[in-house]
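So the structure is just underneath, and the comments pick up after that.
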Amino acid sequence: MILSRALLLLAQAAPGSSMLVAPPEPVSPQGGAAWVEEVVADTLPRDLAFLGVPAVDREDLRRLRDALAIPAVSVTRATWIRVAETAGAGRLVLGTYETKGDTLSLSLRLLDIERGTLSAPFVASGPLQGVLDLIHSVAWDMALAGETRPVRLREELLERTRGVRYEALKSYGLGLRATEPAARVRHLKRALVLMPSYDEARLALGQIQIDTREHAAANETLSRVAASSTLSRAARFLQGVALLELGRYHEAAASYAELAAQDPTPAVLNNHALALLRMSRPPTKASDVLRKAVEMAPESGDLPFNLGFALLLEGSAEAAAFWLKGLVRDEPADTHARVALAWALRRAGRDAEADEEWSRVVALAPSYASLATPDLQRRFERIQSSERLLALDRERRTDAELVAVHLGRGEKLLEAGDLDAALRELTQAAYLDPYGPRTHLLLSRVHLAREEPDKAVAELRMSLWCREDAAVRGELLTLLQKLGRTSEVRKEAERGLAARPGEEVAPEAPAPPRVQ
């Protein structure tokens with residue numbers, strides 16, 4: 001279930017007249033080329049923004065869906081309406097497409113969320129190789145249908161992608177469509193081989209490399225986006241993320257300072273402050289920059305956390321405790337905020353409060369017990385990966401919804417190989433719902449990837465205690481066999497047979513997803 005205000009898009013939030021573009025659906029299974037859906041969903045919001053119509057771009061839409069744990073499958077109109085409301089978009093673009101031979105037809109409509117009314121269709125038809133011109137045509141018509149004139153000329157819109165080669169565009173669309181990071185990278189790199197100046201493909205590749213923690217590769221990829229490109233700012237922002245992760249703080253600070261001089265958005269100020277915080281002799285206090293960011297986006301949870309942590313590192317323990325206490329009140333399940341608050345209280349000499357807060361930390365996350373002594377070398381700061389901030393409105397979410405969010409994040413982080421972050425998310429899910437079998441199954445896979453087989457065995461058993469599942473039991477048997485625990489293999493096999501009389505328990509289960 002998704003609540004309409006479960007998640008807010010804060011920075012540069014689009015007003016009610018903004019648009020959210022849902023990927024168009026094929027008229028028939030035989031009449032579609034799946035990569036076209038992704039190209040439309042990617043290009044149309046960029047075109048609208050270029051013409052002065054606020055729109056949620058595809059990458060922010062992906063982050064929004066991930067945060068709301070919406071699977072990458074066909075989504076109903078009702079769900080898209082909820083997503084649009086969550087994004088603060090007043091209008092939703094819905095529609096269909098059809099390919100017949102070398103011809104493509106688009107038919108898109110605007111749904112007014114508040115009134116519940118559909119516009120007449122915006123139709124474009126022509127050669128498939130001219131798909132970008134068809135999308136531009138629809139974008140122009142949509143912009144003309146608005147309350148104000150487009151801020152650019154039609155010819156300027158067409159000129160944006162006039163030189164894009166069809167084969168490169170198709171590879172780009174296939175890269176956006178692919179679910180596995182390796183496949184996405186392969187298609188996007190092919191697009192760049194076919195057309196080295198294709199900045200959309202370069203930006204998408206850099207984003208994937210950051211998501212998979214290949215920060216040196218991401219820095220190299222994004223550095224090739226020209227300063228004159230319309231995607232230059234987005235590329236510089238992401239490149240700054242890569243520089244922060246690589247420990248090149250002076251370069252990151254300089255890059256974000258330049259972006260802030262152009263437009264000081266909260267996310268830019270946040271990342272600029274984190275670069276300053278990690279420098280040995282920063283020209284400006286990080287907390288001063290973060291205060292400006294918090295003033296611009298007070299609803300965010302990440303910004304006040306970073307401000308509190310920066311104040312703690314700068315020696316202002318009382319001020320740090322003030323900010324962190326407010327955050328813990330609003331987001332009681334935020335373990336890192338509780339850890340930092342306990343440290344701030346300890347540094348401020350408020351030992352009784354620190355002890356009380358630490359008892360809550362251990363109750364929430366027993367694995368954090370070793371962090372009782374303040375360790376300010378820990379990198380708890382929260383880097384923003386996009387200029388559009390995402391913030392959970394936890395007060396309006398049920399425990400079941402929060403579990404779904406943490407579970408979805410944990411699974412994606414496990415697939416990306418970020419085991420520490422995956423463990424945090426899945427531990428939160430288990431805390432909120434200790435009887436979720438899939439949560440314990442994913443926790444077992446995280447522990448196995450972290451070379452903690454005993455913990456993996458324990459989590460598999462907990463998953464089976466929650467719900468008997470032949471595949472999970474098979475996974476447990478396989479792991480016990482590999483560990484040489486033959487007596488336990490026999491007992492677990494007998495338990496499985498007792499739970500499912502008349503069925504054999506497979507001695508081998510499908511291997512867990514390989515961690516990249």
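Data table
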| quantity | calculated |
| --- | --- |
| Some residue of the stretch 362-378 being within 23 Å of Tyr249 (Cβ to Cβ), of a type in the set (Gly, Ala, Ser) and assigned to a helix (DSSP H, G or I) | no |
| Among residues of the stretch 145-196, those that are part of a helix (DSSP H, G or I), surrounded by fewer than 12 Cβ atoms within 10 Å (Cβ to Cβ) and in the same structural domain as Phe50 (by TED's automatic domain parsing), counted | 1 |
| Within the stretch 22-137, strands (runs of 3 or more DSSP E) holding 1 or more residues that are within 21 Å of Ser171 (Cα to Cα) and of a type in the set (Asp, Glu) | 91-100 |
| Failed item, numbered, when Ala354 is tested on (1) of a type outside the set (Asp, Glu); (2) under 17 Å from the mean Cα position of the chain (by Cα); (3) crowded, with 19+ Cβ neighbours inside 10 Å | (2) |
| Meets criteria (within 23 Å of Arg65 (Cβ to Cβ), within 32 Å of the chain's Cα centre (by Cα), modelled with pLDDT under 90 and surrounded by fewer than 15 Cβ atoms within 10 Å (Cβ to Cβ)) for Arg77 | yes |
| Wholly within the stretch 267-331, helices (runs of 4 or more DSSP H) carrying at least 2 residues that are among the aromatic types (Phe, Trp, Tyr) and either closer than 20 Å to Glu353 by Cβ or in contact with a Pro (Cβ under 7 Å, 6 or more places away or on another chain) (or both) | 302-313, 317-330 |
| Complete set of residues in the stretch 431-478 that are surrounded by fewer than 21 Cβ atoms within 10 Å (Cβ to Cβ) and under 18 Å from Ala400 (Cβ atoms) | Tyr431, Leu432, Asp433, Pro434, Tyr435, Pro437, Arg438, Cys466, Arg467 |
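The values are calculated or read from the model by the stated rules, or taken from the named source; none is laboratory data. Every value quoted in this text rests on a predicted model; they were computed, and no experiment measured them. Here the Cβ is made from the backbone with ideal geometry for all residues, glycine too, and neighbour counts use every protein chain on show.
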